[in-house]
Amino acid sequence: MQEKKQIGKIYVIGIGPGEEKQMTKGAESALEESDVIVGYTVYVDLLKDRFGDKKMLTTPMKREVERCRLAFEEAQKGFTVSMVCSGDSGVYGMAGLMYEVGRDYPAVELKIIPGITAASAGAAVLGAPLMHDFAVISLSDLLTPWEKIERRIEAAAMADFVICIYNPSSRKRADYLMKACDIALKYKSPETVCGYVKNIGRDGECSEITTLAELRNKKVDMFTTVYIGNEQTMEISRKMVTPRGYRNV
C-alpha cells in the first residue's frame, strides 16, 4: 500500500455487539472502502477474518487518544481510515473523542457511522425491556467519579426509569453492581423484574431474568449488560417486557 498525497477521511464506525450479521450495511460499506482499520485490539480482532487485507492498527485500553491520533495521521497520508468501536460509535464509543482530537487535524473529514448498541442488542435477547422511558448508565468510574454515578442511579431509580447498566463490574469494581442495586432498592420493589446478557452476539452468549433482590448478588463482568425494570415491567413467557401502555388507550 503506497502513500497518497491528498488528505484522506475517517469513518468512525460502530460495528455492533460483535456478531457479523448485526453489523449495519453502512458499516460494512465503510470498512470495505477503507485502506486502514484502527481500534481497540479486541474489536479489530473481530474484523480480521473478513477484512484481513486492510492495514490494521491497534492500541490497548487506556490508549484512546493515541488511537485517535493514529487514525488522523493515516488520513493525513491520504488513506481512507475506519476507527472502529463496538456497539454504536456515539454511545460510549469514540465519536466524541475523535471530534476533540480532530481539532488538531482540521483538513481531515470525519463521518460517523452508527451501529447497534448493547442496550438494544441485549434488550432483544431478553425480550422487550426498553419499551418505555429508560436511562443508560455506565458503572465504570475510570472517567466519571463514583459519587456522580451514584447520583445518576438514584435519580433514575427515583423517577422509575428502566435502567440499562453498562460496565457493571470488573476485578477492581467487583461490588459496584451490588452498590447500584442497593441504591435502586431504596425506590424499587425487591421483586422488580431484572435481567442481564453476557457476551451479546458473541460466542458464549447467555442471559437470565431475575429480580432486583437477586440481581445484587449476581456475578457479572465488563461484557455483561444489565437491565433493571420499572414498576410495570413483567415476565411474559420467560421474557422481560416493559409495557408501553397501548392497551390502556
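The values are calculated or read from the model by the stated rules, or taken from the named source; none is laboratory data. A quick note: this is a predicted structure, and the numbers were derived from the prediction, not measured. Every residue, glycine as well, gets a Cβ built from its backbone with ideal geometry; the counts of neighbours run over all protein chains shown. For accessibility, only protein heavy atoms count, side chains too; no ligands or nucleic acids. Shrake-Rupley method; radii C 1.70, N 1.55, O 1.52, S 1.80 Å.
Brief remarks follow.
- Hits in the range 110-130 - residues which are open to solvent by 40 Å² or more (accessible area, probe 1.4 Å), assigned to a strand (DSSP E or B) and either of a type in the set (S, T, N, Q) or touching a Gly at 6+ places or on another chain (Cβ under 8 Å) (or both): Ile112
- Residue in the range 155-162 that is crowded, with 19+ Cβ neighbours inside 10 Å, more than 17 Å from Asp133 (Cβ to Cβ) and within 21 Å of the chain's Cα centre (by Cα) present: no
One line per residue, one yes/no per condition, for (1) over 18 Å from the mean Cα position of the chain (by Cα); (2) of a type in the set (Gly, Ala, Ser):
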residue	(1), (2)
Ile37	yes, no
Gly52	yes, yes
Met94	no, no
Lys111	yes, no
Phe134	no, no
Asp141	no, no
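- Verdict on Tyr92 being of a type outside the set (A, V, I, L, M, F, W, C) and farther than 30 Å from Glu208 by Cβ: no
For every residue, the table says whether it meets (1) open to solvent by 10 Å² or more (accessible area, probe 1.4 Å); (2) over 28 Å from Ala135 (Cα atoms).
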{"position": "Ile13", "(1), (2)": "no, no"}
{"position": "Lys21", "(1), (2)": "yes, no"}
{"position": "Leu31", "(1), (2)": "no, yes"}
{"position": "Ala71", "(1), (2)": "no, yes"}
{"position": "Gln76", "(1), (2)": "yes, yes"}
{"position": "Asp104", "(1), (2)": "yes, yes"}
{"position": "Ala107", "(1), (2)": "yes, yes"}
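- Out of Ser237, Ser189, one residue alone is open to solvent by 40 Å² or more (accessible area, probe 1.4 Å), at positive phi and polar (S, T, N, Q). It is Ser237.
- Residue count for the range 1-58, restricted to those that are over 27 Å from Ala123 (Cβ atoms) and of a type in the set (Phe, Trp, Tyr): 1
- Tally of residues being under 19 Å from Gly16 (Cβ atoms) and among the aliphatic types (A, V, I, L, M) across the range 129-139: 2
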